[in-house]
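K.L.:
Before I ask anything, here is the structure I am working with.
The values are calculated or read from the model by the stated rules, or taken from the named source; none is laboratory data. From a predicted model like this one, the values you see are computed outputs, not experimental measurements. All Cβ positions, even for glycine, are placed from backbone atoms using ideal geometry, and neighbour counts span all protein chains on display. Note: areas computed on protein heavy atoms with side chains; ligands, DNA, RNA excluded. Shrake-Rupley method; radii C 1.70, N 1.55, O 1.52, S 1.80 Å.
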Amino acid sequence: LAMAPCCLLRALASVALILRARAATGPTRVTSISPTSVSINHGTVITLTGSAYIAGDKAAFLTDCSLGFPTVDVSSGSATFTIAATGTYKLCFQANGMSDSIEQLGITLTAVSETSPTAISAVSPDGATINIATVFTFTGFTTGALAAFAPTGTCSSATPSVDISGITGTFTLTTLGLHDLCVRAAGGSDEVTQTAAATQVTVQAATSATAITAVSPTTVTVNRASGVTLTFAGTAESGDLATLIDSASSCVGQTPNVDVSSGTGYFTLTTAGTYKLCFREAGGSDSIEQTGLTVTAAAGTSAETFSSLSPASISANTATTITFFPEPATGDLAEFVTSGSACPGTPGTDISSGSASFTLGSIGTWDLCLYTAAGGDTVKQTSVTLPVNSVTSSTIITAILPTSITAGVATGILLTGHLSGALADFVPTGTACSTIAPSTTITGGYGSFTLSTAGTYDLCYRQAGRTDSVQQTGISLTVVAGGAGTDPIAWYGDKKRVFTLPPGEMVALLRTPDMTLSGATFEGTTSDEQWFGRMVITSPDDARFMEISIRKDIMSFNRSTAPRNGFETLDVTMGGYTAEGERVITKVQTVDMTIPFSFFGADVAFRRIQRRHRTQFPTIGRARRECMDFVGGYLHFYICSAAAWEYFGWQAHLAVKFAHLDLVVVQAQKMTEVTGLLPELWGLKPMSKETAAYLNDTEQASDASQRLGENSSSFCPGAAWAGGKTPEHVARSCGEPEPAIITM
């Protein structure tokens, strides 16, 4: 249809009006944004400032607005944006009803990396008091980083706002309990929980004003470190701190810095006057005045200047260096007077160095008189006294065991007569005991001693509470040069032979017409240490045998799982050959098993060592010691399990590890019929070249061939020994109907 010219003009005008209403989005609709920097992969609310926004207005942050279209509604003036990669982004805007994407002039957004969960590795302190502004120090901080503390697990709702660029930051925490550290890196918008355990902080309740109920003393001397003991309403804890401030000042804002976790703190007050006690419980960050507690600092000498002396007691007539705590000041003088005596005008001994030597002549309690340069007077101390005891007796120790040890080898020595708390040491014979201070602790009568030089030594002893060093009469220790101390030893009477056997190799120890006893050794930590680990009794025709060996599982022995009446420290097997030549072996399972007399033509029995017996140790670890008793036509002997008793204290496990067998011959008939290694070592038979080769002591073979022990008092008549370092209680067993089993 043809349109009249006038109508056509009107239609064109309407189209023009419509086109003008839908003009492109302007480049200045947004004049600024906040924030201008965000963390990637974190939804961040960004506020847009500019002309009024209406429903349908959209925005986006893109590297180039021509590459995409806004999709986020910003009609409220803000919206949440998540940026996926680091970089600088333009703000692209699209007005309602438009389909463009217009870059807003001068508006950019920087996207930075996510905050690391390990940006901060530690926070100090690790505790704070609720509602108290607390300064925290951060390790591993990042310039420009912000931080906050939030109850554990709630960092996502926290807003880090405290700048920690300077390593420290001040925070006031308002909830109790464990808090996480929430960190936002410079330019970021996230809040990341720090994962290091050392970044968590515990917020606790305020310190009580009655946490401390009393102080002592209540008067101290100015310009002197004075020990003040605090009485806690509860229990003192590591980290409890205190300070004393002028009574006119406030504890609020103070920083207690004296550790009082032991119950005592040392304070130096420089001005005379009255001071109040400010206290901070462990883990807190406050400073709370303790109700009703004050300390007075006086210019004169205090009667409670010292809290302790070392040593706490001394020996009469013995010059002793005494140390004073806390340390005296320059110009301080001291003197001791008998209890009840008056102090001199000016004491005569300078104690400025912290200690001085005193010799006090009579037994009893002595008082300390102190002159201080700061106080200008002499005052008897009520906080300390000094007990003076009698001199250590020279006859306390009546015997030692062993009497001979190896140079350079730590050896346990039993001191008979030892008193609890005493100390001991050995000095070369001829050296005055007064030249040393005994320092070796004696436990259960035993002390561990290592003497590096061969020779003869005297025993110096100091009773508990003494400061002297007194030689014990008649006590002598022989130290021999290397290697013989822990090898097997053959004793007869009071003489001994140290010998070494090829480890693991059976050697005939005793041989009689009715049996042969052989033994094999094993080594300890070095080749210089040997013990018997296995012994075998065989019949004359070798048709029957019994093997006794030390168990290898003594360390792990558990009686609750062990068979009733079973062996705990010994393994025993017996056997022989049938008429057809077949070898038969039987394990002896229990201590009470009966061995037929016909097996060896001898009485064989087993027994346990009981606590009522006179041996020093009835057990090896938790396992009870056991013995085999053999009574034949020529010999009566015991084979017993024994610990390596030279190891004790921190090496006690080695006493069990090196448990072994000891042999005691208590009676012999027709000794002329007894041969083997031991009779030769005992000097009862001429020594062969083979036996002499086993010797490991300083005597010559020709000397060894002489008869030993004729005037001995250590053994019963005819008794002999082979095994550990020294026989124990042999003489006590002589003549008893049921003698105590013997061991070393």
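K.L.:
Of the residues that make up segment 532-549, is at least one assigned to a loop (DSSP other than H, G, I, E, B), closer than 30 Å to GLY408 by Cα and either open to solvent by less than 80 Å² (accessible area, probe 1.4 Å) or among the small types (Gly, Ala, Ser) (or both)?
P.N.:
No - not one qualifying residue is present in segment 532-549.
K.L.:
Can you go through ALA334, ALA373 and tell me which one is of a type in the set (A, V, I, L, M) and open to solvent by 30 Å² or more (accessible area, probe 1.4 Å)?
P.N.:
Numbers: ALA334 fails: open to solvent by 30 Å² or more (accessible area, probe 1.4 Å).
Selected residue: ALA373, the only one of ALA334, ALA373 that is of a type in the set (A, V, I, L, M) and open to solvent by 30 Å² or more (accessible area, probe 1.4 Å).
K.L.:
Yes or no: segment 394-405 includes at least one residue that is open to solvent by 60 Å² or more (accessible area, probe 1.4 Å), under 30 Å from VAL479 (Cβ atoms) and at pLDDT below 95. Steps first, please.
P.N.:
Our first condition is that a residue be open to solvent by 60 Å² or more (accessible area, probe 1.4 Å); within segment 394-405, this holds for 395, 398, 403.
Subset that is under 30 Å from VAL479 (Cβ atoms): 395, 398, 403.
Now restrict to residues that are at pLDDT below 95: 403.
Yes: one or more hits.
K.L.:
Further, regarding this structure: Taking SER452, is it open to solvent by 60 Å² or more (accessible area, probe 1.4 Å), more than 29 Å from PRO387 (Cβ to Cβ) and touching a residue at least 12 places away in the same chain (Cβ under 8 Å)?
P.N.:
Yes.
K.L.:
Please find, among THR231, THR202, the residue that is at pLDDT 95 or above, open to solvent by 40 Å² or more (accessible area, probe 1.4 Å) and either farther than 30 Å from SER165 by Cβ or part of a loop (DSSP other than H, G, I, E, B) (or both). Spell out how you get there, then give the answer.
P.N.:
Values: THR202 fails: either farther than 30 Å from SER165 by Cβ or part of a loop (DSSP other than H, G, I, E, B) (or both).
Selected residue: THR231, the only one of THR231, THR202 that is at pLDDT 95 or above, open to solvent by 40 Å² or more (accessible area, probe 1.4 Å) and either farther than 30 Å from SER165 by Cβ or part of a loop (DSSP other than H, G, I, E, B) (or both).
K.L.:
Of the numbered conditions (1) under 39 Å from the mean Cα position of the chain (by Cα); (2) of a type in the set (S, T, N, Q); (3) surrounded by fewer than 14 Cβ atoms within 10 Å (Cβ to Cβ), SER156 satisfies every one except a single condition; which is it?
P.N.:
Of the numbered conditions (1) under 39 Å from the mean Cα position of the chain (by Cα); (2) of a type in the set (S, T, N, Q); (3) surrounded by fewer than 14 Cβ atoms within 10 Å (Cβ to Cβ), the odd one out for SER156 is (1).
K.L.:
Also, quick follow-up: Of all residues in segment 28-63 being open to solvent by 20 Å² or more (accessible area, probe 1.4 Å) and of a type in the set (D, E, K, R), which is nearest to the chain's Cα centre (by Cα)?
P.N.:
Out of the qualifying residues, it is LYS58.
K.L.:
Could I ask something else about it? Need pairs with beta-carbon distance below 6 Å; first residue under 18 Å from CYS460 (Cα atoms) and within segment 399-414, second of a type in the set (Asp, Glu) and buried (at least 18 other Cβ atoms within 10 Å of the Cβ); sequence gap 6+ or separate chains.
P.N.:
THR411/GLU646; GLY412/GLU646
K.L.:
Within segment 64-78, how many residues turn out to be open to solvent by less than 60 Å² (accessible area, probe 1.4 Å) and of a type in the set (Gly, Ala, Ser)?
P.N.:
The total comes to 4.
K.L.:
Being assigned to a loop (DSSP other than H, G, I, E, B) and either at pLDDT below 95 or open to solvent by 20 Å² or more (accessible area, probe 1.4 Å) (or both) is the filter here; which residues of segment 79-94 pass it?
P.N.:
Residues of segment 79-94 that are assigned to a loop (DSSP other than H, G, I, E, B), as a first pass: 82-86.
Once the filter is applied, which keeps residues that are assigned to a loop (DSSP other than H, G, I, E, B) and either at pLDDT below 95 or open to solvent by 20 Å² or more (accessible area, probe 1.4 Å) (or both), segment 79-94 yields THR82, ALA84, ALA85, THR86.
K.L.:
Follow-up question, since we're still on this one. Which helices (runs of 4 or more DSSP H) sit wholly inside segment 572-681 and have at least 2 residues that are of a type in the set (Gly, Ala, Ser) and modelled with pLDDT under 90? Break it down into steps so the answer makes sense when it comes.
P.N.:
Numbers: elements: 597-600, 652-657, 677-681.
Hits in segment 572-681: 652-657.
K.L.:
Can you find, within segment 206-225, the residue that is least open to solvent (accessible area, probe 1.4 Å) among those that are more than 15 Å from LYS276 (Cα to Cα) and assigned to a strand (DSSP E or B)?
P.N.:
The qualifying residue least open to solvent (accessible area, probe 1.4 Å) is THR221.
K.L.:
A further question follows. Among the listed residues GLY465, GLY485, identify the single one that is on the phi > 0 side of the Ramachandran plot and either at pLDDT 95 or above or in a loop (DSSP other than H, G, I, E, B) (or both).
P.N.:
After ruling out the rest, the residue left standing is GLY465.
K.L.:
Checking the condition within 15 Å of THR115 (Cα to Cα), in contact (Cβ under 8 Å) with a residue 40 or more places away in the chain and among the hydroxyl-bearing types (Ser, Thr, Tyr), which residue from THR159, THR202, THR193, THR172 passes?
P.N.:
Numbers: THR159 fails: in contact (Cβ under 8 Å) with a residue 40 or more places away in the chain; THR202 fails: within 15 Å of THR115 (Cα to Cα); THR172 fails: within 15 Å of THR115 (Cα to Cα).
Answer to the check: THR193.
K.L.:
OK, next. What's the total number of residues in segment 283-325 that are under 30 Å from CYS251 (Cα atoms) and polar (S, T, N, Q)?
P.N.:
Keep residues of segment 283-325 that are under 30 Å from CYS251 (Cα atoms), which gives 283-307, 325.
From what's left, polar (S, T, N, Q): 285, 287, 290-291, 294, 296, 301-302, 305, 307.
Final tally of qualifying residues: 10.
K.L.:
Residue pairs, Cβ under 7 Å, 6 or more apart or interchain, first in segment 545-571 and touching a residue at least 40 places away in the same chain (Cβ under 8 Å) and of a type outside the set (Gly, Ala, Ser), second part of a helix (DSSP H, G or I) and open to solvent by less than 50 Å² (accessible area, probe 1.4 Å). List them.
P.N.:
Note: pairs meeting the criteria are ILE554/VAL656; MET555/VAL656; THR569/ILE554.
K.L.:
Now for a different question. Identify the single condition in (1) under 21 Å from GLN204 (Cβ atoms); (2) in contact with a Lys or Arg (Cβ under 8 Å, 6 or more places away or on another chain) that CYS278 does not satisfy, given that it satisfies every other one.
P.N.:
With (1) under 21 Å from GLN204 (Cβ atoms); (2) in contact with a Lys or Arg (Cβ under 8 Å, 6 or more places away or on another chain) applied to CYS278, the lone miss is (2).
Every residue, every condition in (1) β-branched (Val, Ile, Thr); (2) within 30 Å of LEU146 (Cα to Cα), yes or no:
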residue: VAL30; (1), (2): yes, yes
residue: VAL38; (1), (2): yes, yes
residue: THR44; (1), (2): yes, yes
residue: ILE54; (1), (2): yes, no
residue: LYS58; (1), (2): no, no
residue: LEU62; (1), (2): no, yes
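K.L.:
Report every pair of residues separated by at least 6 positions or lying on different chains whose Cβ atoms are under 9 Å apart, first residue within segment 517-532 and within 14 Å of VAL498 (Cβ to Cβ), second surrounded by fewer than 22 Cβ atoms within 10 Å (Cβ to Cβ) and charged (D, E, K, R).
P.N.:
Note: pairs meeting the criteria are THR521/GLU505; THR521/ARG534; GLU529/GLU523; GLN530/GLU523; TRP531/GLU523.
K.L.:
Looking at this structure, is ALA692 at negative phi, touching a helix residue (DSSP H, G or I) at 6+ places or on another chain (Cβ under 7 Å) and either surrounded by fewer than 20 Cβ atoms within 10 Å (Cβ to Cβ) or modelled with pLDDT of 90 or more (or both)?
P.N.:
Values: at negative phi: yes; touching a helix residue (DSSP H, G or I) at 6+ places or on another chain (Cβ under 7 Å): yes; either surrounded by fewer than 20 Cβ atoms within 10 Å (Cβ to Cβ) or modelled with pLDDT of 90 or more (or both): yes.
Yes.
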